[in-house]
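These notes concern the structure reproduced below.
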Amino acid sequence: MFRKTALILIALAGLVGCAPTLGPPPPPPMGTAEFSTEDFSWSAVPGPNSIVGRLAPRSVSYTCHGASVLLTPETPWSRRRMVALYGSADRSALPADEVRARTPSAPAGDYSAFIRRATCEGDRFSFAGLPDGVWFVITLAKPVTPGAGPNLALMRRVMTRGGRIATSEL
């Protein structure tokens, strides 16, 4: 009985290795959580990927029209910074004043040369020519009716790979 059960478990383990994949994953962030321009270097290479996004509908109507949309490459350092600022490295919608108040406690470093920028037009934005990798999309949303709510700092983690168009709803 033991031998039969062992053979079945071995056969099932072999099937797990046959699971389909979506191709190779993007390169993992290298380095430490300390700031290093070398960790960002992968993001400066042109690639075949794109990100298209939009502002998601909310209970209080918000818009990002005319706002800058920032695309920050993920590195161990930038991931740590997102957690310090937004309380998450995946997605967040927090009052902008709260995020600004957390800025002094976020890790410092000059990564501005690696940030890509777009403008939100009609609550939509896009980035093209991106290499495989993981990015943080960040923008500011304001209430359509002034005073109807706080300005929101929005962040979402997005992966690009395989020459595809990734979508991001903030």
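The values are calculated or read from the model by the stated rules, or taken from the named source; none is laboratory data. Please read these numbers as outputs of a predicted model, since none were measured by experiment. When we count neighbours, we look across all protein chains shown, and the Cβ atoms used for this are built from the backbone with ideal geometry, even at glycine. Heads up: the accessible areas ignore ligands, DNA and RNA and are worked out on the full protein's heavy atoms, side chains in. Shrake-Rupley method; radii C 1.70, N 1.55, O 1.52, S 1.80 Å.
For the range 95-154, taking the reciprocal of the average inverse distance between every pair of different Cα atoms yields a Kirkwood hydrodynamic radius of 14.1 Å.
Taking every eigenvalue of the Cα gyration tensor of the range 70-170, multiplying by 5 and rooting it, what semi-axes result, largest first, whole Å?
Values: eigenvalues 99, 71, 24 Å².
Gyration-tensor ellipsoid for the range 70-170: 22, 19, 11 Å.
Available extension along the chain between residue 68 and residue 119 is 17.9 nm, counting 0.36 nm per residue and deducting the alpha carbon span. Of the solvent-accessible surface of the range 33-163, computed with a 1.4 Å probe and all protein chains present, 52% belongs to carbon and sulfur. When restricted to Cα atoms, the range 65-106 yields an Rg and a Dmax of 10.7, 31 Å, respectively. Of the trypsin sites (Lys or Arg not before Pro) in the range 66-150, not one is in a loop by DSSP (not H, G, I, E or B) with at most 16 other beta carbons within 10 Å.
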